[in-house]
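Worksheet: the structure to be examined is printed underneath.
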Amino acid sequence: MAVNRFRPNFLVAFNAWLKTHPFTNPHAPKGPTYMPEYIQPEFAQATRLDAIADSHYAAGERAGSNSDGYVRTTVYLATVLFLAGISGHFRVHPARIGPISAAGVILAFACVLLLLAPRPPV
C-alpha cells in the first residue's frame, strides 16, 4: 500500500485529511498537502536558498550592465580612432576639421562615461 511509504510528516497530514471525510464532504481540503498539519522541513532551507539565489542574480544583472557600459565606451573610443584616422585622407584642410571635431566631442563624452563608470572588481 502506498500509505506505508509516506514520510512521517505527510502521514500525519494524510490521517488528519482522512478524518475530514474528503470523499463525501465537499468542504474538505483538496488533499493532505492543504492541511495545517502538513509541514515541509525543507521549506525554510528552500526559502533561504531562494533569497541567496536572488541576490546572486541581482549581482549578475549589475555586472552585466556594467559590462555593457564598458563595451559601449570602447565602441565610442574606437569611433574616435576611426574619425581621427580618416581625417588625414581628406585633401582639403577644412574637410579634416569636421571628423576631428566630431572625434573630440565623442572623446570627451567617452572620458566622462569612463569617469562615471563603476570600477572593475579587484
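For the residues VAL112, VAL92, VAL75, a GNM of the chain with alpha-carbon springs under 10 Å puts the largest fluctuation on VAL92.
Report the charge-dipole magnitude of the chain in Debye, nearest 20, computed about the Cα centre from +1 at each Lys and Arg Cβ and -1 at each Asp and Glu Cβ.
On the way: 10 positive and 6 negative charges, 45 e Å.
With only Lys, Arg, Asp and Glu charged at Cβ, the dipole is about 220 debye.
Provide the gained length on full extension for the span TYR70 to SER101, in nm with one decimal, where the gain is 0.36 nm per separating residue minus the Cα-Cα distance.
Values: separation 31, 0.36 × 31 = 11.16 nm, distance 2.32 nm.
This chain segment gains 8.8 nm when fully extended.
Distance from the C-alpha centroid of the stretch 76-103 to that of the stretch 1-65: 66 Å, rounded to the whole angstrom. Among GLY31, GLY69, GLY85, the largest mean-square fluctuation in a Gaussian network model of the chain (Cα springs under 10 Å) belongs to GLY31.
How long is the gain from PHE82 to LYS30 if the chain were fully straight, where each residue apart is worth 0.36 nm and the alpha carbon distance is subtracted?
Details: separation 52, 0.36 × 52 = 18.72 nm, distance 6.89 nm.
11.8 nm is the gain from fully extending PHE82 to LYS30.
Using a Gaussian network model of the chain in which every pair of alpha carbons under 10 angstrom is joined by a spring, one finds that among THR47, THR24, THR33 the greatest mean-square fluctuation is at THR24.
Extension gain, ILE52 to HIS89, is 7.7 nm, computed as 0.36 nm per intervening residue step minus the present C-alpha separation. Taking the longest Cα principal axis of the chain as reference, the axis of helix 8-18 is set at about 60 degrees.
When the scattering of the stretch 63-122 is computed by the Debye formula from its Cα atoms alone, each counted once and equally, what is log10 I(q)/I(0) at q = 0.15, 0.19, 0.23, 0.30 Å⁻¹? Debye curve over Cα of the stretch 63-122, log10 I(q)/I(0) at q = 0.15, 0.19, 0.23, 0.30 Å⁻¹: -0.51, -0.68, -0.85, -1.15.
FYI, it's all coordinate maths here, none of it is from the lab. Remember, it's a predicted structure, so these values are computed and weren't measured experimentally. Reconstructed Cβ throughout: ideal geometry from the backbone, glycine too, with neighbour counts over all protein chains shown.
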